[in-house]
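As structure tokens, the structure follows; a few thoughts come after it.
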Amino acid sequence: MGGKVNKLKTKLIFQFLGPDQVEPTTKQKYSSILQNLATVKSFASGILVPKEYIWPVSSSGYLGNPTTLVANAHKQGLEVYASGFSNDIPTSYNYSYDPTNEYIQYVDNSQFSVDGVLTDFPPTASEAIACFAHSKNGGKPRKGSALIISNNGASGIYPGCTDLAYQRAVDDGADIIDCSVQLSKDGVAFCLASADLAGDTTAMMPFIDRKETIPEIQPEIGVFSFALTWSEIQTLKPQMVSPFGNSSILRNPANKNLGKFVTLPEFLDFAKAKAVSGILINIENAAYLASKQGLDIVGAVATALTNATFDKQSTQQVLIQSDDTSVLSKFKDVPTYKKVLRIKEKIGDAPKPSVDEIKKYADAVTIPRSAVIKVNDFFTVELTNVVKELHAANLSVYVHELRNEYVTLAFDYFSDPIVEIATYVQVVEADGFMTDYPGTASKYM
């Protein structure tokens, strides 16, 4: 084709297949041809290579060191295009299931930039290159933007509610960091997503004799925090478990058991030292703990907040969240606290009598994604009026929880978590959202 095209207008690109596949004319493996780019330059102006030729991924799913292919090709005057990009195929854990991170890795690193990418999802590539590349030192989100609230810290990257998860959430730009408070048998308040230790810790094997079923908390058998002393809990390791069951969508296995558990006072001290915009304290099972276990979780939270002087300052916002209005009522005498009612059920409407009842106890509401945008057969089909109805009553609305993994995203988000975030910020106009990946949200904001 070289003699038949206008080379000023038409680029001839030589496509490399797998390294062990054989090129039909020379009968050489593509890996061999790669060693002689000068010959390629004699008949092509660029090369198209599988992305792994440039940035290999190890068998364990993590990025290795980049090859010198791009630099070598550019020395020969060849343009380099990378292929194999797709939002809905797991790649490297380094990207935290955010496909824009992968594009940025190829076009915005200190060593090289490819000349183009071949992708199944052009909108995501365009977004990454136009909006996020070469902007690592961008400004902070504008005031009035939706709040980025961590969900058990950066729980998509480290085991939730650990010191590492909270530090990563802060580093990644979370406005509000959260602590779901649990109590040990001897009354120590600490942060963990659930009272059941079986999911987020290694408790099931060593304390299998403590397992029980507590219908007031959950239908499944569990090993509950209030059955163990704090010293016993400290013998356990945190455990990061995929929220998608036994699927192949794992979360950062190299970090699976890293980090240490954080007491509520330690969490509060950390939040003050890092000067985050605020904290969210989530309280559940208060009635059961008081009546069946003799534990006062509300009192433990109130005391810890007072000891850390959060009740005396207004520089950092304090959100007290619960699914129990009686818990929120206990904090009504502290005007600086913002009381948040968590609604876990799927709702499709917020009629005025219900909203008026909520306003007696709460200043804000946390609702699931399904209450805002209805999804049918994995496509978004309807935007409800719930947020508008709550806003009309001057209630702030937070949405939970956003995740990066494409299996959680409606098809018309293009397997791109940024598109979902943009929807909740610009279309829904939520006041904030809880996310396992604050870094992705912060990048967008």
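Observations, loosely collected:
- When residues of region 415-437 are limited to those that are among the polar types (S, T, N, Q) and farther than 23 Å from Ile157 by Cα, the one least open to solvent (accessible area, probe 1.4 Å): Thr423
- Selection count where residues are touching a Leu at 6+ places or on another chain (Cβ under 9 Å), over 19 Å from Tyr103 (Cβ atoms) and of a type outside the set (A, V, I, L, M, F, W, C), scope region 43-79: 4
- Residue count, region 386-425 (criterion: of a type in the set (Phe, Trp, Tyr) and not in a helix (DSSP H, G or I)): 2
- Top-ranked residue in region 237-261 [being under 11 Å from Pro159 (Cβ atoms) and aliphatic (A, V, I, L, M); ranked as surrounded by the fewest Cβ atoms within 10 Å (Cβ to Cβ)]: Val241
- Counting only helices (runs of 4 or more DSSP H) that sit completely within region 27-100, those holding 2 or more residues that are open to solvent by less than 10 Å² (accessible area, probe 1.4 Å) correspond to 69-75.
- Taken over region 395-414, the residue count meeting the criterion of being open to solvent by less than 20 Å² (accessible area, probe 1.4 Å) and either more than 16 Å from the chain's Cα centre (by Cα) or farther than 19 Å from Gly160 by Cα (or both) is 6.
- Residues being assigned to a strand (DSSP E or B), β-branched (Val, Ile, Thr) and open to solvent by less than 70 Å² (accessible area, probe 1.4 Å) - total across region 200-228: 1
- Restricting region 248-267 to residues that are over 20 Å from Ala195 (Cα atoms) and either part of a helix (DSSP H, G or I) or in contact with an Asp or Glu (Cβ under 9 Å, 6 or more places away or on another chain) (or both) leaves a set whose member that is modelled with the lowest pLDDT is Ile249.
- Within region 303-323, residues that are under 21 Å from Val365 (Cα atoms) have Cβ atoms under 6 Å from residues that are surrounded by 14 or more Cβ atoms within 10 Å (Cβ to Cβ) and of a type in the set (Phe, Trp, Tyr) in these pairs: Val318/Phe310; Val318/Tyr337; Ile320/Phe331; Ile320/Tyr337, counting only partners at least 6 apart in sequence or on another chain.
The values are calculated or read from the model by the stated rules, or taken from the named source; none is laboratory data. Owing to the predicted nature of the structure, the values given are computational and were not obtained by experimental measurement. Note: ideal-geometry Cβ built from the backbone for every residue, glycine included; neighbour counts use all protein chains shown. Protein only, heavy atoms only, side chains kept; ligands, DNA and RNA dropped before computing areas. Shrake-Rupley method; radii C 1.70, N 1.55, O 1.52, S 1.80 Å.
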